[in-house]
1. Given the criterion of a type in the set (K, R) and within 23 Å of E121 (Cβ to Cβ), identify the matching residue among R264, R227, R234, R253.
2. If I go through region 213-238 residue by residue, how many of them are open to solvent by less than 10 Å² (accessible area, probe 1.4 Å), of a type in the set (V, I, T) and more than 13 Å from the ligand (Cβ to nearest atom)?
3. Scanning region 1-37 for residues that are charged (D, E, K, R) and outside any helix (DSSP H, G or I), which turns out farthest from G52 (Cα to Cα)?
4. Of the residues T304, T269, T248, only one is over 30 Å from K424 (Cα atoms), open to solvent by 10 Å² or more (accessible area, probe 1.4 Å) and polar (S, T, N, Q); which?
5. Can you tell me which residue within region 165-212, out of those that are part of a loop (DSSP other than H, G, I, E, B) and more than 14 Å from the ligand (Cβ to nearest atom), is surrounded by the fewest Cβ atoms within 10 Å (Cβ to Cβ)?
6. Any residue at all in region 443-456 that's of a type in the set (K, R) and within 17 Å of the chain's Cα centre (by Cα)?
7. Considering each of G104, G81, G127 in turn, give the residue that is in contact with a His (Cβ under 9 Å, 6 or more places away or on another chain) and either part of a helix (DSSP H, G or I) or away from the ligand (no atom under 16 Å from the Cβ) (or both).
Amino acid sequence: MFKKLLIANRGEIAVRILRACRDLGVAGVAVYSDVDRGALHVRMADEAYAIGPAPSRESYLRIDKLMDIALRSGCDALHPGYGFLAENPELPRACANAGIAFVGPPAEAMERLGAKTAARELAFRAGVPMVPGVREPIPQLEAGRRIADEIGYPVLLKAVAGGGGKGMRVVAGAHELASAWRDAASEALNAFGDERVYIEKYLDRPRHIEMQIFADAHGNVVYLGERECSVQRRHQKVIEEAPSPFMTPELRRAMGEAAVRLAREAGYTNAGTVEFLVDANRNFYFLEVNTRLQVEHPVTEAVTGLDLVELQLRAAAGEQLPIKQQDVTLHGHAMECRIYAEDPENHFFPSPGKIISWRPPHGPGIRLDEGVYSGWTVPGDYDPLLAKLIASGGSRTEVIARLQRALSEFQITGIRTNTLLFEKILANPEFQKGAIHTRWLDERLASLLPAPVSDADSPSEALEIKVAMIAAALWHVCQTKSANEQPAPSVSRWRDDGRREQISRTPDR
Ligand code: MV4
């Protein structure tokens, strides 16, 4: 096993990786930008090094600085986490040049799967079903017309360099193709510096189900079951779960085996995820491969009993996978809520700032992967993911109840968070039935959330209301006694009833 690991990331995932280091007796080295000096991952690391100013281009995205720190501190391995440089093949290349093990797939596998059209070509060769469409970028509009006619409308234009729904346009008919093409290409050029687009048949309201795979460097490849990630808002996942409520053993095996074939075809090693769209008839179609550990990996850990980060480190150190496919068994259910510093009641505006208090939930079946603490100021410079709340249990129903209980215990003050959104989703009958698809949340959002309301008729009145609220809060804080001197809080109905009952049974003496 490695002696010392550099974690080229921040926040909850850096903390998660540091925990795996502790468990394995590996020293963990953190890096931090100017605004992350006091961050939780820095506090938890064995060593920490400054990496530059707040903007990630000047800090967490600097391969040269990461390599310098890794070498200076004597690291023998580097974990990229997710986001930042995690899917940039230049990072494993730089690691190889420096003689440092990269905890992830080889640069070549990343490249083969990075371009969506190249990934489709690999999937085709591996016999993995995919959405009808092309496997190469469309050279010009005329060719696009012919192909779209052949496939049949509606079609979807997608960026070759794509990701996160950028450079994607639905085209309902031939008359829309030219303008959709211009929009998709210019958006793709803007986002990825690559204007190439290709065409697929557009699927209406599919589910997003992804398959976790894992490969060692000795030719062993397994699938570790699926995650249902259909509950998304504007291509941002909100809730993930395992298993998918839509899954059957036959579909799981077919998707898992297809994912494994693709991993073999790509020369893949380490943890990876093969994304699929699944239609109402349980046909599945290859979408893309994520060549990294994913945010939602804990739900797979919960149902498989495996530690994916430990497996990643072992595989990168050259160890054999400790399990074969027949050893992978799924138990119960798990579901994850991504807790963000954002305000669902106010257009999901980011809400960075100081966390005044943070009282996390605990109890049976609850796991919380946090990247923050009480008193920490959440910077506005990065993704505002604060924590992941994961519940596990015997059934989906039990897991939903546990998440609801945990959310009701969770108290965060100082910043806005999206916990109210989860309470609404978890209480929704369609969600409870598992009747979800990739457009479900976007379509239901308005009815789930209270309309943004303002009591103010003018900006100056809005300011007055704010001042009054601040004054009321200050008054409350000043007149509040220390917690020990507080009178008993007003009690909930059942406790109240219980007390009355007790009193009536014990007459005054
Ligand atoms: C699709 C699709 C329907 N038909 N492809 C969105 C992000 C990108 N990675 C792929 N995406 C989609 N591709 C075809 N042929 C619908 C989506 C899609 C989606 C996919 C996964 C999760 C959420 C989504 C939300 C809207 C659209």
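1. None of the others qualify; the one that does is R264.
2. Counting residues in region 213-238 that are open to solvent by less than 10 Å² (accessible area, probe 1.4 Å), of a type in the set (V, I, T) and more than 13 Å from the ligand (Cβ to nearest atom) gives 2.
3. K3
4. Details: T304 fails: over 30 Å from K424 (Cα atoms); T248 fails: over 30 Å from K424 (Cα atoms).
Of T304, T269, T248, the one residue that is over 30 Å from K424 (Cα atoms), open to solvent by 10 Å² or more (accessible area, probe 1.4 Å) and polar (S, T, N, Q) is T269.
5. Step by step, filter region 165-212, then rank; the result is G193.
6. no
7. Exactly one of G104, G81, G127 is in contact with a His (Cβ under 9 Å, 6 or more places away or on another chain) and either part of a helix (DSSP H, G or I) or away from the ligand (no atom under 16 Å from the Cβ) (or both), namely G104.
The values are calculated or read from the model by the stated rules, or taken from the named source; none is laboratory data. No experiment lies behind these values; they were computed from the predicted model shown. Glycine also receives a Cβ, built like all others from the backbone with ideal geometry; neighbour counts cover every protein chain displayed. These area figures cover heavy atoms from the full protein model, side chains too; ligands, DNA and RNA do not enter into them. Shrake-Rupley method; radii C 1.70, N 1.55, O 1.52, S 1.80 Å.
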